[in-house]
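Here the structure is laid out as structure tokens; the discussion comes afterwards.
The values are calculated or read from the model by the stated rules, or taken from the named source; none is laboratory data. This is a predicted model, so every value here is computed, not measured. Glycine gets a Cβ as well: all are built from the backbone with ideal geometry, and neighbour counts include every protein chain shown.
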Amino acid sequence: MNKSELIDAVAKSTKQTKSSIEETLNALTAAIQTSLTKGNNVQLIGFGTFAVEARAARIGRNPATGKELKISAKNVVKFKVGSKLKDAVAGAKTKKK
């Protein structure tokens with residue numbers, strides 16, 4: 001599901017306009033991004049937690065040449081799934097593509 005499909009699904013289930021749902025979704029993602037940028041976690045009970053973790057600098061390898069290269073330290077976003085979402089996905093039947 002992509003963003004426009006998500007907007008369509010939420011608009012249909014809430015009987016709101018697609019434009020208002022898109023505005024809300026954009027505000028939600030912006031708020032999450034702002035919080036993470038400040039180093040704060042975002043916890044949505046039952047869904048999951050977005051958290052920022054520091055990744056240390058390390059030595060990597062160029063897969064084409066095999067030459068070593070330095071990979072800088074950086075912050076990365078991690079997502080830990082919540083119990084309700086985890087249980088829902090675990091109980092869902094998988095379908096083949």
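When segment 22-46 is limited to residues that are among the hydrophobic types (A, V, I, L, M, F, W, C) and over 22 Å from ALA88 (Cβ atoms), the one that is surrounded by the most Cβ atoms within 10 Å (Cβ to Cβ) turns out to be LEU36. On inspection, SER4 fails the criterion of being out of contact with any Gly (no Cβ under 7 Å at 6 or more places or on another chain), within 22 Å of ALA88 (Cβ to Cβ) and of a type in the set (Gly, Ala, Ser).
Scanning segment 29-47 for residues that are touching a helix residue (DSSP H, G or I) at 6+ places or on another chain (Cβ under 6 Å) and either small (Gly, Ala, Ser) or in a strand (DSSP E or B) (or both) yields VAL42, GLY46. Given the criteria touching a residue at least 40 places away in the same chain (Cβ under 8 Å), outside the structural domain of ILE7 (by TED's automatic domain parsing), assigned to a strand (DSSP E or B) and among the aliphatic types (A, V, I, L, M), does VAL52 qualify? It is false that VAL52 is touching a residue at least 40 places away in the same chain (Cβ under 8 Å), outside the structural domain of ILE7 (by TED's automatic domain parsing), assigned to a strand (DSSP E or B) and among the aliphatic types (A, V, I, L, M).
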